Amino acid sequence: MRLTGKVALITGGGTGIGFEIAKQYVEEGAYVYITGRRENKLQEAAEKIGKNIGYSVADVSNRDDMDKVAAKIKEEQGKVDIVIANAGVGRYVSLENVTTDEFDRVMHTNVLGSYFTVQACLPIMPEGSTIILNTSVTASLGLKDFSLYIAAKSAEKSFIHTWTNELRDRKIRVNAIAPGVIPTDAAGGELGRSKEEEIERQKYRSTLIPAGRVGHVNDIAKAAIFLGSDESSYVNGVEILVDGGLAAIYPVKL
Ligand SMILES: NC(=O)c1ccc[n+]([C@@H]2O[C@H](COP(=O)([O-])OP(=O)(O)OC[C@H]3O[C@@H](n4cnc5c(N)ncnc54)[C@H](OP(=O)(O)O)[C@@H]3O)[C@@H](O)[C@H]2O)c1
């Protein structure tokens, strides 16, 4: 029980990586709040987790929504110890075809969303609390047709450095997890590929990844438990790659 007594907020916690972190955080003793735009996904997630879980329908790119989330947590728990800016979107679109709407969608969700999440929570984060950003291995790679998403994740990655410095006097740690290839909903339709095409891609990618397999949401949850717990109290200002060694060998054809 490495998170007993901790209160956590996980944006995008109704599905995929965020849901797995939420589930394992509760198992480790935390009280967890999850957010997202689809109420049915949040409700389903909360029912599966069963206890010590709250949820709010909230768009991370809307500051009012995030202020309401923070106000609810303050009223119910008085504080939040672990803020995980996990909500994110991205799609393979070539440089020539990125529209203004797509640019705004990706930047607003990933970059502005992480900003608003943290801004809203800061007033209720006590000394010793921690921020975890969900970046991506892709910020270390030059994948074609992914420049917008990679730019957004690179901006998030920059927050590790600036916020670590800015929040040092409040003793708030700032770290990130950069997942590798993790099959979730986002790794299928959301990316703009069919499920079949994505499965074929994943088989091919497994041959490139030094670990010999794609990742699992559980791999990311374990890293999130470490970064959220006091076991990592001297780990500050870093991005932990949870990618099976992918970035280390820098494959050119992912
Ligand atoms: N899967 C991978 O291979 C991989 C690799 C590297 C990084 N990541 C990152 O991991 C994070 C989670 O992704 P995932 O793979 O678990 O995919 P996912 O299941 O699609 O999760 C994304 C979550 O974000 C929420 N979300 C999206 N836009 C939002 C908004 N404007 N406001 C609030 N919530 C929003 C979604 O819920 P609603 O749609 O209901 O709002 C959803 O629950 C993302 O930041 C992604 O970039 C994933």
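For residue 174, the amide hydrogen comes within under 5 Å of the amide hydrogens of 131, 237, counting only partners 5 or more places away or on other chains and with H modelled in the peptide plane. Translational diffusion coefficient, Stokes-Einstein: compute it for the stretch 91-164 using the Kirkwood radius over C-alpha pairs as Rh, at 4 °C and 1.567 mPa s, and state it as an integer in µm² s⁻¹. Rounded to a whole number, D works out at 97 µm²/s. With viscosity 0.692 mPa s and temperature 37 °C, the Kirkwood radius over alpha carbon pairs of the stretch 145-209 converts through Stokes-Einstein to a diffusion coefficient of 229 µm²/s. 3J(HN,Hα) couplings calculated from phi for the stretch 69-82 with the Karplus curve 6.51 cos²θ - 1.76 cosθ + 1.60 (θ = phi - 60°) are, in sequence order, 4, 5, 5, 5, 5, 4, 5, 7, 10, x, 6, 9, 8, 9 Hz; Gly and Pro show x. When the chain is treated as a Gaussian network with alpha carbon springs shorter than 10 Å, the biggest mean-square fluctuation among 15, 207, 138 belongs to 207. Here's how it looks for residue 32: its modeled amide H is under 5 Å from those of 8, 53, 54, which are all 5 or more places away or on a different chain.
Derived value for the stretch 131-254: Kirkwood hydrodynamic radius 15.4 Å. Basis is the mean of 1/r over every pair of different alpha-carbon atoms. Two numbers describe the Cα atoms of the stretch 1-147: Rg and Dmax, which are 15.7, 50 Å. The value of relative contact order for the stretch 1-152, using C-alpha pairs under 8 Å at least six residues apart, is 24 percent.
Among 153, 171, 23, the residue with the largest mean-square fluctuation in a Gaussian network model of the chain, with springs joining Cα atoms closer than 10 Å, is 171.
Where only DSSP H runs of four or more residues are counted, the chain gives -12500 deg cm²/dmol as its mean residue ellipticity at 222 nm, each run worth -39500 (n - 2.57). Which pairs break 27 Å Cα to Cα here: 144/171; 6/171; 48/203; 51/157; 157/222? Beyond 27 Å between Cα atoms: 144/171; 48/203; 51/157. One equal scatterer on each Cα of the chain, no solvent, Debye formula: the resulting log10 I(q)/I(0) at q = 0.10, 0.11 Å⁻¹ is -0.45, -0.55.
Taken together, the values in this text are just the output of simple stated rules run on the coordinates, not laboratory data. Please read all numbers here as calculations on a predicted model, not as lab measurements.
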